[in-house]
1. How large is the charge dipole for the chain, taken about the Cα centre, if only the Cβ atoms of Lys, Arg (+1) and Asp, Glu (-1) carry charge, to the nearest 20 debye?
2. Measure nothing fancy, just the Cα-based angle from helix 73-90's long axis to the longest principal axis of the chain, in degrees from 0 to 90, nearest 10.
3. From the list (i) 42, 20, 14; (ii) 38, 17, 12; (iii) 33, 22, 12, can you say which value of semi-axes √(5λ) of the Cα gyration tensor in Å was derived from the structure given?
4. Take peptides 132-143, 30-41, 115-126 and line them up by average Cβ neighbours within 10 Å, highest first, as a rough protection proxy.
5. Determine the calculated [θ] at 222 nm for the chain from helices alone, applying -39500 (n - 2.57) to every DSSP H run no shorter than 4 residues and normalising by the residue count; nearest 500 deg cm²/dmol.
6. Between Leu25 and Asn159, how many nm apart are label points set 7 Å from Cα along the C-beta direction?
7. With unit charges on the beta carbons (Lys and Arg positive, Asp and Glu negative) and the dipole taken about the Cα centre of segment 5-138, which residue among Ile64, Ile43, His135 sits farthest to the positive side?
8. Roughly speaking, what % of Cα-Cα pairs in segment 1-76 are separated by over 16 Å, rounded to a whole number?
Amino acid sequence: MTKRKAITQIIIVWICGIMFAMPCLVFGQTLTIPYDQNISRTICLLEWPDGLSGQSELDFIYNIVFLLLTYIVPVSTMVIAYSLMARVLWGSQAIGEGDANSSQQHSITRSKQKVVIMLICGWLPYHTYFLLTYHWPELILSPFIQHIYLGIYWLAMSNSM
C-alpha cells in the first residue's frame, strides 16, 4: 500500500468515526437532579427527539448500528480473515521443513486468536448492557448498576489500548 492510499484510508476512518459520534454531540445533554436531601447530581445523557436514552427508539437503533459497526462486522471480519490465514499457514509446510517453522506458524495463529477473544470479551458486555437496559429499563434502578456499568465501560475501553 502506498503512503497516499494509507493516508486516504486513515482520513476516511476518521471521518466515519466523527460522523458516527455526531449523535452524541448533537443530542448529548447534562441534567441536574436531586439526589439526597440537599445534594444534587449532574448526569450526562442522550436526549433523543423521541425521548431520553434508554427509552428512545432512536437510541435503540443507534445502539444496534453501533453494535453492528463496532462489534459484529469487525469480529466477523477478523474471524474470517484469521481463519483463512491459519489455513494457509498450516497448509504451507513443505517437505523436509522442520518443526521450528510449524511452531512459529502455530504461535502466529494463537496470537491472532487471542486478539479476537480479547475483542469479544472486552466489548460483548458493553453491547449487552445497552440491549438489556433498553428491554428491561428497571435494571437501571438496580443498586449497583453504576458500578457494574463502570466496570463494563473500563473493560471495553481497555481493549482499545
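1. My answer is approximately 820 debye.
2. 10 degrees
3. Here the calculated entry is (i).
4. Ranking, from highest mean packing down: 115-126, 132-143, 30-41.
5. Rounded to the nearest 500, it is -23000 deg cm²/dmol.
6. Using points 7 Å along Cα→Cβ, the separation is 2.5 nm.
7. It is Ile64, whose Cα lies furthest towards the positive end.
8. 66 percent
FYI, it's all coordinate maths here, none of it is from the lab. All of these numbers come straight from a predicted model, not from anything done at the bench. In this analysis, Cβ positions are derived from the backbone assuming ideal geometry, glycine residues included, and neighbour counts consider all displayed protein chains.
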